[in-house]
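A quick write-up on the structure given underneath.
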Ligand SMILES: NC(=O)c1ccc[n+]([C@@H]2O[C@H](COP(=O)([O-])OP(=O)(O)OC[C@H]3O[C@@H](n4cnc5c(N)ncnc54)[C@H](O)[C@@H]3O)[C@@H](O)[C@H]2O)c1
């Protein structure tokens, strides 16, 4: 096990990507705090992990509220003493284009995606510094942070901002032995998240139809699933990545590397 006895916090533990990453860290021996503004996502993810023999804790927390973030980190410290790994995964997806995006929606999206990551990183890193923990902080980005997607101004802006947040935070924390990296997912196969939701006792969600032909455009011919992000997160969290900081690890089946007019499956 690569993370035996390590304490990890994962934010945004829906049955989709956050749940997959939390489960992947737990399968490698980490004790996982499942953190979500939606109490059910925190609780059901923690119950799912403990039901599979792992150790987990559920914490309801809005990552945009500094008081709640401080209380969340204090709760994990009280339970397990410290924190070794933070995965900033909570996010608000989707949106509108620059002509139509309402200011309140823009503000909320940037607050969750950027400020939430800042606050969780700040308070977890302070605890790591205090305890001398050579920890690993992971930020979940998106290929939409590397490319200009129409109709998604707040998401693209916030995910792009996270790429340089990671580099700057990596510089701030390097002398403390704390590594900060991002992991870039892309349009994700929905099957695994659907099956996890059902395993958590939820009604089978409808698989959303997609307007773009992701499958036909992706170089590797199939979309990644949360488990692919989980194994990359395990790597970044583990000592295998001990000299890696300020990196963006893309788990995107080649999406960002692609020459834009090439249609791989044509
Ligand atoms: N699904 C994709 O195709 C895809 C692609 C690229 C990147 N991503 C990124 O992966 C991450 C997870 O995406 P997902 O598809 O699992 O989305 P999701 O909507 O299923 O999960 C997001 C979670 O974040 C939680 N959350 C939202 N606001 C919060 C807040 N203020 N405080 C605490 N928790 C909050 C939600 O309750 C939810 O559980 C996001 O950062 C997203 O941008 C997703």
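None of the figures in this text is laboratory data; all of them are computed from the coordinates on show. It should be emphasised that the depicted structure is a prediction, and the values quoted were computed from it without experimental measurement. Neighbour counts are summed over all protein chains in view; Cβ atoms, including those assigned to glycine, are modelled from backbone coordinates with ideal geometry.
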Over the chain, what is the relative contact order in percent, taking alpha-carbon pairs closer than 8 angstrom and at least six residues apart? 20 percent
Any idea what log10 I(q)/I(0) is at q = 0.16, 0.22 Å⁻¹ for segment 194-266, Debye with uniform C-alpha scatterers and no solvent? -0.82, -1.03
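With only alpha-carbon atoms in the gyration tensor, what are the semi-axes of the equivalent ellipsoid for segment 92-135, in Å, largest first?
33, 8, 5
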To the nearest 10 degrees, how steep is helix 153-174 against the longest Cα principal axis of the chain, on a 0 to 90 scale? 40 degrees
Hey, what did segment 124-175 get for relative contact order, percent, Cα under 8 Å, at least 6 apart? 30 percent
Within segment 229-248, the residues whose backbone N lies under 18 Å from a label point placed 7 Å from the Cα of residue 171 along the Cα-to-Cβ direction are 244-248
D (Stokes-Einstein, µm²/s), Kirkwood Cα radius, segment 33-152, 1.567 mPa s at 4 °C: 83 µm²/s
Rounded to a whole number, what is D in µm²/s for the chain from Stokes-Einstein with the Kirkwood radius over alpha-carbon pairs (10 °C, 1.306 mPa s)? 86 µm²/s
I'd like the distance separating the alpha-carbon centroids of segment 12-51 and segment 100-179, in whole Å. 20 Å
If I model a spin label as a point 7 Å beyond the Cα along the Cα-Cβ vector, how far apart are those points for residue 93 and residue 105 in nm? 1.6 nm
Report, to the nearest 10°, how far helix 226-237 tilts away from the longest principal axis of the Cα atoms in the chain, using its own Cα long axis and a range of 0 to 90°. 40 degrees
Hey, could you grab the Kirkwood Rh for segment 110-155? Inverse mean 1/r over distinct alpha carbon pairs, Å, one decimal. 12.5 Å
Per the 1/(1 + (r/R0)^6) rule, R0 = 30 Å and r from the Cβ atoms of residue 122 and residue 50, FRET efficiency to 0.05 is 0.55
Helix 116-131: angle to the longest alpha-carbon principal axis of the chain, degrees 0 to 90, nearest 10? 30 degrees
